[in-house]
Amino acid sequence: MTAASEEFLRQFAHAQRVLEESFDQLPAHADEPLGEDAGRVLMEVAERLRDNDPYQHPLYAGQMLKPPHAIARAAYALAMQLNPNNHALDGGRASSAMELEAVGALARMFGWREHLGHLTSGGTFANLEALWIAGRLAPGQAIAASDQAHYTHARISAVLGLRFVSIATDEHGRMDVRALEEALQREEIATVVVTLGTTAIGALDPLDQILELQSRHKFRVHVDAAYGGYFTLAENLERPARAALDAVSYADSLVIDPHKHGLQPYGCGCILFRDPGVGLFYKHDSPYTYFTSKELHLGEISLECSRPGASAGALAATQRLLPYERGDTFARGLEAGREAALDLRTRLARDDRFILPLAAPELDIVFWTAAGTTAAESSDRARAIFEEARRQDLYLALAELPVRLFPTSAWGKAMPQDMRVTCVRSVLMKPEHKMWLDQIWTRLSAAATAVYSD
Ligand SMILES: *Cc1c(COP(=O)(O)O)cnc(C)c1O
């Protein structure tokens, strides 16, 4: 253990004691000490957890996995002493205040002066709440999202009994605004889901242009920025991404996942509505709900009942240590990931063993495939490079993506637009990835050499 982590553990133990002592006036009630059996079980857990990829290490550069910050883990563990429930103020007074503070900071990041919002178990449930409100406001009308939107939007729409319309994307993976307008002319679409940062490749739908359609068509805008939202703090984006994120202030609702880019443990999404009036749709009169306040409390504006107060504590603590300010440590971390993505793309482009898509990374996701005479051969080699990289301790991901994202010259002839090719994908979302890019590249290059010499 390093000196820094020993010091951190000391501080944690101290904070835990202080919290314990604040209930000292009560008769003694100590936890059962953990015996030998518990120690053995814990060792077993450690053994079993080894069957994971090393998500916490910078050489893990595959799926969208980012380790929670130490302050988030510590604050979460501290709150576990009480295990508050933010369903109602009686279950978690302090942690409810922390939730309001944390959610307020997220809203302010997008310039929202007014809002109604709360934390959720994740992006999926947050999107469910957004589309539920959309459905209540326009019963029977459809939801539209791009064909690169998160797969759960179609499923959520089905759960809510709302028709779902899929809108084509262009060669950048962004929603095609002309295709959207045609759909708006053709059918009754009440809500357009605009994805700012698609899960597969990190593309941003042109929210600014989509909002212009509101002068001719009436529809509600829900922004799904579960993964990409925090990039509004980054100062190294290209103009289209910047314009899309700047337009979020005009959206009706917004989803952002602190457990994606916000350094939080899983179980932390967030839904925000720009009009607090939608709170009326949540009103319920459960006999089990205990009221201690005249205001709408968090349990009254959430579809979920029990929710972890520890998540709110962890998020609020992280925001205090790493405020959401442009140019500050947290924002610089996002910028570093994006720089790493651009750096990797440049190295890949100089190497003819790889085929790159038309679009450069808009955020911090890079994808490419392997050179081959056909898309099928490229796919086979991409899978082989992915496997070989693992043997070199570099953990990447695979994705099946449309060939239209690549230059038409990639395989010498025109191919069906919806045909797919297997790609290697890397989400460079840890701030450390920038420093580790030489290491990442050395291993990737060695993996490609091994595949091509077979
Ligand atoms: C991850 C993601 C979701 C789903 O969020 P969960 O927290 O995994 O439930 C929804 N939309 C987008 C754009 C995402 O990236």
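When you scan the stretch 153-168, do you find a residue that is part of a loop (DSSP other than H, G, I, E, B) and modelled with pLDDT under 95, even just one? No: the stretch 153-168 contains no residue that is part of a loop (DSSP other than H, G, I, E, B) and modelled with pLDDT under 95. Confirm whether Gly104 is within 16 Å of the ligand (Cβ to nearest atom), more than 30 Å from Phe386 (Cα to Cα) and crowded, with 16+ Cβ neighbours inside 10 Å. Criteria not met by Gly104. Considering the stretch 114-127, and only residues there that are within 11 Å of the ligand (Cβ to nearest atom) and surrounded by 24 or more Cβ atoms within 10 Å (Cβ to Cβ), the residue that is nearest to the chain's Cα centre (by Cα) turns out to be Gly123. Is one or more of the residues making up the stretch 137-155 in contact (Cβ under 8 Å) with a residue 12 or more places away in the chain, under 20 Å from Tyr282 (Cβ atoms) and buried (at least 19 other Cβ atoms within 10 Å of the Cβ)? Yes, because at least one residue in the stretch 137-155 is in contact (Cβ under 8 Å) with a residue 12 or more places away in the chain, under 20 Å from Tyr282 (Cβ atoms) and buried (at least 19 other Cβ atoms within 10 Å of the Cβ).
Comparison of Val103, Val41, Val45 shows that the only residue that is under 20 Å from Gly122 (Cβ atoms) and part of a helix (DSSP H, G or I) is Val103.
Does the stretch 96-118 contain any residue that is hydroxyl-bearing (Ser, Thr, Tyr) and touching a strand residue (DSSP E or B) at 6+ places or on another chain (Cβ under 9 Å)? Checked against the condition, which is being hydroxyl-bearing (Ser, Thr, Tyr) and touching a strand residue (DSSP E or B) at 6+ places or on another chain (Cβ under 9 Å), the stretch 96-118 yields no hits at all. Among the residues of the stretch 53-72, the ones that are part of a loop (DSSP other than H, G, I, E, B), over 17 Å from the mean Cα position of the chain (by Cα) and over 24 Å from His150 (Cβ atoms) come to 4 in all.
Of all the residues in the stretch 128-148, those that are in contact with an Asp or Glu (Cβ under 8 Å, 6 or more places away or on another chain) and either over 23 Å from Leu303 (Cα atoms) or charged (D, E, K, R) (or both) number 1.
For Ala88, all conditions in the list (1) of a type in the set (A, V, I, L, M); (2) modelled with pLDDT under 95; (3) outside any loop (DSSP other than H, G, I, E, B) hold save one; what is the number of the exception? Checking Ala88 against (1) of a type in the set (A, V, I, L, M); (2) modelled with pLDDT under 95; (3) outside any loop (DSSP other than H, G, I, E, B), the one that fails is (3). Among the residues of the stretch 324-355, write down those that are crowded, with 19+ Cβ neighbours inside 10 Å and not in a helix (DSSP H, G or I). Phe354, Ile355 - these are the residues of the stretch 324-355 that are crowded, with 19+ Cβ neighbours inside 10 Å and not in a helix (DSSP H, G or I). Close contacts from the stretch 188-211, counting a first residue that is of a type in the set (Asp, Glu) and a second that is near the ligand (Cβ under 9 Å from one of its atoms), with Cβ to Cβ under 7 Å and a gap of 6+ residues or different chains, come to Asp205/Thr195; Asp205/Leu196. Can we say Tyr227 is within 14 Å of the ligand (Cβ to nearest atom), under 28 Å from His118 (Cα atoms), of a type in the set (Ser, Thr, Tyr) and touching a residue at least 24 places away in the same chain (Cβ under 8 Å)? Yes, satisfied. Screening Ser157 on (1) polar (S, T, N, Q); (2) within 27 Å of Gly333 (Cβ to Cβ); (3) within 16 Å of the ligand (Cβ to nearest atom) shows it passes everything except condition (2). Within the stretch 118-135, residues that are in a helix (DSSP H, G or I) reach partners that are among the β-branched types (Val, Ile, Thr) and within 8 Å of the ligand (Cβ to nearest atom) with beta carbons closer than 6 Å, at six or more positions or on different chains, in the pairs Gly123/Val255; Thr124/Thr152; Ala126/Val255; Asn127/Val255.
Whether any residue in the stretch 368-388 is farther than 20 Å from Ile440 by Cα, part of a helix (DSSP H, G or I) and in contact with a Phe, Trp or Tyr (Cβ under 7 Å, 6 or more places away or on another chain) is what I want to check. Scanning the stretch 368-388 turns up at least one residue that is farther than 20 Å from Ile440 by Cα, part of a helix (DSSP H, G or I) and in contact with a Phe, Trp or Tyr (Cβ under 7 Å, 6 or more places away or on another chain).
Are there any pairs, at least 6 apart or on different chains, whose C-beta atoms fall under 8 Å, with the first in the stretch 267-292 and at pLDDT 75 or above and the second exposed (fewer than 13 other Cβ atoms within 10 Å of the Cβ) and not in a strand (DSSP E or B), and if so, which? Going by the 8 Å Cβ cut-off, the qualifying pairs are Arg274/Glu114; Asp275/Glu114; Pro276/Glu114.
Applying the set (1) in a loop (DSSP other than H, G, I, E, B); (2) touching a Ser or Thr at 6+ places or on another chain (Cβ under 9 Å) to Thr195 leaves exactly one unmet item: (1).
Looking only at residues of the stretch 223-264 that are part of a helix (DSSP H, G or I) and among the aromatic types (Phe, Trp, Tyr), we find that the one that is farthest from the chain's Cα centre (by Cα) is Tyr250. Here the condition is being modelled with pLDDT of 95 or more, within 12 Å of the ligand (Cβ to nearest atom) and outside the structural domain of Val427 (by TED's automatic domain parsing); of Ala179, Ala251, Ala203, it holds for Ala203 alone.
The values are calculated or read from the model by the stated rules, or taken from the named source; none is laboratory data. Computed from a prediction, not measured in an experiment: that's the story for all the values here. Backbone-built Cβ (ideal geometry, glycine too); neighbour counts: all protein chains shown.
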